[in-house]
């Protein structure tokens, strides 16, 4: 069983004892494949609804993106309201956004109900990388208020950026108190503790090597098998290992984060006076926040090949120092990376294959909506599928090029957008 990535999160994780590997054959109402936010939420919600549930994780709970991400709680969807309305019209877009914007409340409710210690903080600031981006943010907030009577967000003028983040590179932004940030691995471990308390059987080091989605669903590992009425595929970037057709709908993209040495409380307050999580409006964005012990956690740049850079800290440092020149040469104590499942159009994929439900392709926007997605899956199993079906109807298509060319074509496209950022 692989340990968690050697990140700040792993170094400050709450205690969670290793769970046994699956040995032998067992039966349940539901078998969940994947121990990240989506799978844990689906398992927990299903158990609370009275289902017997088995969760299978190939490594450790929170080993993938759920335990490595930037911890940013970003409201809404990966598409803007303007993009949604242009494609789907106002009525359908309002329904999608109304559901998506429940996600923050669901995460906070789980944290409070189960007393999950995960450094929860309020506020998200979207920083405008260009003046034109600020104009788009103004139009976006106006549209959100028209569609949803959206409250809690406001436009920040260029001259007021310093009240939120001490960087010279921004031209205003949008502050949303409905967002926030948290310790992502501790949130995952807290969901796992709650799932165990609800009766879920969790097995780690239990990678599923084959899955039959007929009646019944059968999930097979090298050491056992689970037979169930329903299955849940919650593997995100790794879903192609179980279903090649679903895997063609997503591309694993590597993201990298660093955590600096602790700053003084005065330095930290001066750096991000708002205490909010911050992301900028570039296509290949920078995103960052302060940890509970006043480290800057910074993510920047993307790599489109599976092999990580030889020096992750050296790869991220130029992005950090471009945003915060006052931190030039700051010691970096932790550096890590992980894979994010990105879809062709950046919209998540929901659906069914046989008696199994799936949700994946969060495209870097998954900290909030994954918890809601797991609940939507469990509700669909109970026969209440309205919200699930709303998201299952979102369009999607596989990456072009087939097994040999899909990755090179994707890289070419991403490099073009990255060039546009630089220009």
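The values are calculated or read from the model by the stated rules, or taken from the named source; none is laboratory data. These numbers come from a predicted model, not from an experiment. So basically every Cβ, Gly included, is an ideal-geometry build from the backbone, and we count neighbours across all protein chains shown.
The set of residues in segment 264-300 that are outside any loop (DSSP other than H, G, I, E, B) and surrounded by fewer than 18 Cβ atoms within 10 Å (Cβ to Cβ) comprises 265, 266, 267, 269, 270. Annotation note: of 70, 62, the sole residue that is touching a strand residue (DSSP E or B) at 6+ places or on another chain (Cβ under 9 Å), in contact (Cβ under 8 Å) with a residue 12 or more places away in the chain and in a loop (DSSP other than H, G, I, E, B) is 70.
Only a single item in (1) in contact with a helix residue (DSSP H, G or I) (Cβ under 7 Å, 6 or more places away or on another chain); (2) surrounded by fewer than 22 Cβ atoms within 10 Å (Cβ to Cβ); (3) closer than 23 Å to residue 400 by Cβ; (4) modelled with pLDDT under 95 is not met by residue 309, and it is number (3). Scanning segment 327-352 for residues that are outside any loop (DSSP other than H, G, I, E, B) and over 22 Å from residue 400 (Cα atoms) turns up 327, 332, 333, 334, 335, 336, 337, 338, 352. The numbered conditions (1) surrounded by fewer than 17 Cβ atoms within 10 Å (Cβ to Cβ); (2) touching a residue at least 12 places away in the same chain (Cβ under 8 Å); (3) over 19 Å from residue 323 (Cβ atoms) are all true for residue 261 except (3). Taking the condition of being part of a loop (DSSP other than H, G, I, E, B) and surrounded by 16 or more Cβ atoms within 10 Å (Cβ to Cβ), how many residues in segment 369-395 meet it? Qualifying residue count, segment 369-395: 2.
For segment 1-32, a residue qualifies if it is touching a helix residue (DSSP H, G or I) at 6+ places or on another chain (Cβ under 7 Å) and either at pLDDT 95 or above or surrounded by fewer than 13 Cβ atoms within 10 Å (Cβ to Cβ) (or both), and the qualifying residues are 9, 10, 13, 14, 16, 30, 32.
Pick from 28, 5: which is more than 19 Å from the chain's Cα centre (by Cα) and either closer than 24 Å to residue 124 by Cα or outside any helix (DSSP H, G or I) (or both)?
28
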